[in-house]
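In what follows, a single structure is set out as structure tokens and then discussed.
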Amino acid sequence: MGAEVEVKDEESITKLSTKSRFRYNSPLVQVSLIGLVCFCCPGMFNALSGMGGGGQVNRTATNNANTALYTTFAVFGILGGGIYNILGPHLTLAAGCSTYVLYAGSLLYYNHQPHQGFVIIAGALLGIGAGLLWACEGAIMTSYPPPNRKGTYISLFWSIFNMGGVIGGLVPFILNYHRNEAASVNDATYIGFMCFMSAGTLLSFAILPPNRVVRDDGTRCTDVKYSSVSKEATEVLQLFTNWKMLLIVPAAWASNFFYTYQFNNVNAVLFNLRTRGLNNVFYWGAQMLGSIGIGYILDFSFQSRRMRGFVGISVVALLGTAIWGGGLANQLPYSHDRPQSEKLDFKDSSFAGPFVLYFSYGLLDAMFQSMVYWVIGALADDSQTLSRYSGFYKGVQSAGAAVAWQVDTHKVPFLSQLIVNWSLTTISYPLLVLLVMLAVKDDNKTEDEIVNEAPVPSSNKDINSTAIST
């Protein structure tokens, strides 16, 4: 009798907790919250980096800091999944977010004391923090949503996250509007970024662990217990021999490699200070549009999940070829040895062409990375596995970025950088098609069929017990 009452109570609690998709423990709210955390921290960092040189006239200090950042990011991106599986989301996110505040503060310090040592150390610490944050974010974004709506939730996250870049671009544009000559951004700009990043650190404590998140059908995202150091060390090492991860390596390497070229050698070289801030508003705004568009294709274009993957990769490949071709046409007239005579302002008649190209770069970035995250999310459904996969992706991505920043520091020709970026993204498309073909299983069930086949809420079974074995 007591057991029956307990089962009924558990059923009523589960039904109550799944009444609204806007409840605190729903995947929708939790993915939105991680989007807001990334809005405040990496979103603002992106706005700062997008100005070229972190808003400084001399890019050497920030190039070296970014090299240190992405070197440590490469290591802790790969380790981050294991650390998340041991510590859980609260400690992992809070530790990661706090390093963004320190980095912005180091640039504020550099405005008054132009010694790059502090900036480089802050960059190295930020790499550690970013590795933790993005491994946690990847686990949440790919494991919390229902399997048949991962593209939609990825686009939701990407839109909220990149709103940080939009607002972050407005900050330097407004505060430096009357400073169209070459100059570093003022102190108020860096202080504004630090305030946003501090808010993101506090907001990270609102994220729930996966075993407390309940989907609309009453199933929990995962019911696995946090792991041990020895288990995670073994699992992380095995990623380097996992053929699925090896097929993702070119896409991961390319996905942040092009930032250096776009930020430093397009935005910073072609445009004046205030216009660079305005460009970033539209660059990150374009990312919101790109993520929504590719998210729709990857979730709704066809009933077959594999077909949706093939179509999504094909669309990004065709668009990417067109955009990089436009980038080549834009690059030919200038170089290190043949700089523009005068930097463009948004009021100039010749502003439109380079601006549309920079906007398109943002559009392509979001579509490319959302596509890769969708493929990763289709490989498994449990938080532990996906945290490791996401961490591996971010680690390789950051290793590529570390190399890219030093490529720019050593004054490699702009045209060579463009060709390498174009080639890397092009190589990744057929490998992703092969990965979808071999590793992504078709799921032709409708959403209603999936709900009807879900386990009874009162049982302790987890929907992830039927996830794809990886």
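The values are calculated or read from the model by the stated rules, or taken from the named source; none is laboratory data. Just so we're clear, the structure is a prediction, and the values are computed from it rather than from any experiment. Cβ coordinates were reconstructed from backbone atoms using ideal geometry, including for glycine residues, and neighbour counts include every protein chain displayed. Remember, those area values only see protein heavy atoms, side chains included, never the ligands or the DNA or RNA. Shrake-Rupley method; radii C 1.70, N 1.55, O 1.52, S 1.80 Å.
Descriptive notes on the structure:
- Surrounding net charge for Q417, when Lys and Arg each add one and Asp and Glu each subtract one, Cβ distance under 11 Å: 0
- For the range 293-395, trypsin sites (Lys or Arg not before Pro) are listed when DSSP marks them as loop and at most 12 other Cβ atoms sit within 10 Å of their Cβ; the list is K347.
- Note on the range 227-442: Cα-only Rg and Dmax are 18.7, 61 Å.
- Where the Cα pairs of the range 21-226 fall when distances are cut into 10 Å bins, in %: 9, 34, 33, 16, 7, 1
- Taking the protein heavy atoms of the range 227-442 in the context of the full set of protein chains, the accessible area attributed to carbon and sulfur is 69 percent at 1.4 Å.
- Under 5 Å, built H, 5+ apart or other chain: amide partners of F271: L344
- Within-15-Å neighbourhood charge of N279 [Cβ basis; K, R +1; D, E -1]: +1
- Fraction of accessible area attributable to carbon and sulfur, the range 120-216 (%, probe 1.4 Å): 73
- 12 Å beta-carbon shell around Y393, net charge (K/R +1, D/E -1): +2
- The S304 and R212 beta-carbon pair, evaluated with R₀ = 41 Å, returns a calculated FRET efficiency of approximately 0.80.
- Average accessible surface for the range 227-442: 36 Å² per residue, computed with a 1.4 Å probe over protein heavy atoms with every protein chain in place.
- Rolling a 1.4 Å probe across the protein heavy atoms gives the range 21-226 an accessible surface of 32 Å² per residue.
- Rg and Dmax [Cα atoms of the range 287-397; Å; Rg one decimal, Dmax integer]: 18.1, 55
- Ratio Rg/Rh, restricted to the range 24-133 and using Cα atoms, in which Rh is the Kirkwood radius: 1.02
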